[in-house]
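J.: After the structure tokens below, expect a handful of questions from me.
Where a number appears in this text, it was derived from the coordinates with a stated rule and is not lab data. Note that the coordinates shown come from a computational prediction; the quantities given were computed from them, not determined experimentally. Reconstructed Cβ throughout: ideal geometry from the backbone, glycine too, with neighbour counts over all protein chains shown.
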Amino acid sequence: MIESEEFVQALQDSGFDFFTGVPDSILAGIIATLMERRLYQPAVREDEAVAMAAGAYLGGKVPAVLMQNAGLGTSLNTLTSLNLLYRQPCLLIVSWRGFEGKDAPEYRVMGQTMTQLLDTVRLPHRTLSEQTVTEDLKWVAQTFMKERIPVALLLKHGVVRGLQP
Amino acid sequence: MRPEEGTIQSRARAIETLFGLIPDNVPVIICGGFPSREAFRIGDRPTHFYMLGSMGMAAAIGLGVAQAKPDKKVVVLDGDGNVLMGLGTLATAGALRLKNFIHVVLDNEVYGSSGNQPSYSQVVRLDQVAKAAGYVNVERVREREDLVYEFRDMLGKDGPSFLLVKVTEQAEDVGWVPLEPAQIAERFRKAIE
């Protein structure tokens, strides 16, 4: 399992310097580390978070947004009519709730259809794994810089340490 | 309930007044629909971010810019329907307590870009919601001279500030903003560097 400190450090080393989002248990360790480092400003909804990220990018920051996949539905209009339309990139760190249906019922549909949804609105995505974390982040940075659109990194349960002991 | 007696300004008139007071180097985020279209016609600047779509997100974009540029005042020109759609962002703005954030709401109490359907700002006091959310300076104005006085005051003060400007339903006969979205973003980014 990747320690949240290592993961946050790797994000910072990749240039990310503005973090916002809405929490999820899978993301809890990352958020705790970001808060310790005073890098995280909570949003109240995921669409607000991606809009704030667009504003931060306009102001010269390199933003990342944390959310659970339910938040992709909430932020869909903002992602398509702001971030994609105006070419305002951000990294979307999305926890994959409902992966293979093994989760609470509310995640069932999004858990099964998330990658198709991302493909449909043409948001590039990749699933983080412990073995390929360096390549994954390299791909994120390259896609972010080249396409200038949001890029989603999907986090399944247990890849980065969640709730801190 | 219609706009109270004494409302004398159209939204375009209010925008014109604000543009007379906003310094050239101040970033301005303008919500979509008629506010952006009228603003473009009244006085385009590279420091203007004209929104299309993402209704309700003007203040969120402004909060992002304001955090990235803490030494610049950032002005958001919003509408009542927009604020109601993104009402949670008033909480974020109050909690973040950014000194450089000025949120102006041009409140005509209707969804003016889609046929003047009534909005709940006819009965919900958005200025009181903003006050409760933690904006430091909150004012509600109708007359031009009050708008000038309060906005000038907010430009010189630490925020976050919230200015509710009651305006009429009148909309100017204006076309679309003739700029590509990516172009709007790129020139804004350069202009506020």
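J.: Taking neighbour Cβ counts within 10 Å as the exposure measure, how do A:S129, B:S10 sort from fewest upward? Don't skip to the answer; put the middle values down first.
T.: Working: A:S129 13, B:S10 18.
By the 10 Å Cβ count, ascending, the order reads A:S129, B:S10.
J.: With charges set only on the Cβ (+1 for Lys and Arg, -1 for Asp and Glu), what does the dipole of the range B:11-191 come to about its Cα centre, in debye to the nearest 20?
T.: For the range B:11-191, the charge dipole is close to 520 debye.
J.: Kindly provide the trypsin sites (Lys or Arg not before Pro) of the range B:115-193 that DSSP labels as loop, not H, G, I, E or B, and whose Cβ sees at most 15 other Cβ atoms within 10 Å.
T.: For trypsin sites (Lys or Arg not before Pro) across the range B:115-193 that sit outside H, G, I, E and B with at most 15 neighbouring Cβ atoms in 10 Å, the list reads B:R125, B:K157.
J.: May I ask you to work out the translational diffusion coefficient for the protein assembly as shown at 25 °C, viscosity 0.890 mPa s, via Stokes-Einstein with Rh from the Kirkwood sum over Cα pairs, reported in whole µm²/s?
T.: Answer, rounded: 118 µm²/s.
J.: Only Lys, Arg, Asp and Glu count, each charged at its Cβ (+1, +1, -1, -1), so figure out the dipole size of chain A about its Cα centre, rounded to 20 debye. Could you put the intermediate results ahead of the total?
T.: Details: 15 positive and 18 negative charges, 75 e Å.
Result for chain A is approximately 360 debye, rounded to the nearest 20.
J.: Under a 5 Å amide H to amide H cut-off, with H placed in plane at 1.01 Å, what residues pair with B:S119 once short-range neighbours are removed?
T.: B:V110, B:Y111
J.: Starting from a Cα-only point model with no solvent, please compute log10 I(q)/I(0) by Debye for the range B:63-184 at q = 0.11, 0.13, 0.14 1/Å.
T.: Evaluating at q = 0.11, 0.13, 0.14 Å⁻¹ gives log10 I(q)/I(0) of -0.39, -0.55, -0.64.
J.: R0 = 45 Å: FRET efficiency of A:R122 with B:K157, Cβ-based, nearest 0.05?
T.: Once rounded, the FRET efficiency stands at 0.55.
J.: Right, here's the next one. Skipping prolines and chain starts, which residues have an amide H placed within reach, meaning under 5 Å, of the one on A:F19, given they are 5 or more residues away or on another chain?
T.: A:Q41, A:A64
J.: Then there's this: In the neighborhood of B:V26, defined by Cβ-to-Cβ distances under 12 Å, what is the net charge if each Lys or Arg adds +1 and each Asp or Glu adds -1?
T.: +2
J.: Which whole-number percent is the relative contact order of chain A (Cα, under 8 Å, 6+ apart)?
T.: In percent, rounded to a whole number, it is 29.
J.: R0 = 45 Å: FRET efficiency of B:Q117 with A:T134, Cβ-based, nearest 0.05?
T.: Computed FRET efficiency for B:Q117 and A:T134: 0.25.
J.: Work out Dmax and Rg for the range A:105-165 from the C-alpha atoms and quote the Rg first, both in angstrom.
T.: Every Cα atom of the range A:105-165 included, Rg and Dmax give 13.3, 39 Å.
J.: Ratio of Rg to Rh for chain A, alpha carbon only, Kirkwood?
T.: Over the Cα atoms of chain A, Rg/Rh equals 0.92.
J.: Return the subset of B:K73/B:K190; A:K61/B:K131; B:K99/B:K166 for which the Cα-Cα distance in this structure is over 20 Å, preserving the input order.
T.: On the way: B:K73/B:K190 16 Å; A:K61/B:K131 29 Å; B:K99/B:K166 24 Å.
From the list (B:K73/B:K190; A:K61/B:K131; B:K99/B:K166), the Cα-Cα distance tops 20 Å for A:K61/B:K131; B:K99/B:K166.
J.: May I pose another question? In sequence order, what are the phi-derived ³J(HN,Hα) couplings for the range B:163-175 according to the Karplus relation 6.51 cos²θ - 1.76 cosθ + 1.60 with θ = phi - 60°, rounded to whole Hz, with x for glycine and proline?
T.: So the J values, rounded to whole Hz, are 10, 8, 10, 6, 10, 7, 6, 4, 10, 6, 7, 10, x.
J.: Another one. With runs of 4+ DSSP H residues as the only contributors, calculate the mean residue ellipticity of chain A at 222 nm using -39,500 (n - 2.57) per run, divided by the residue total and rounded to the nearest 500. Could you put the intermediate results ahead of the total?
T.: Numbers: 6 runs with 69 residues, N = 165.
Taking each H run of at least 4 residues, the total per residue is -13000 deg cm²/dmol.
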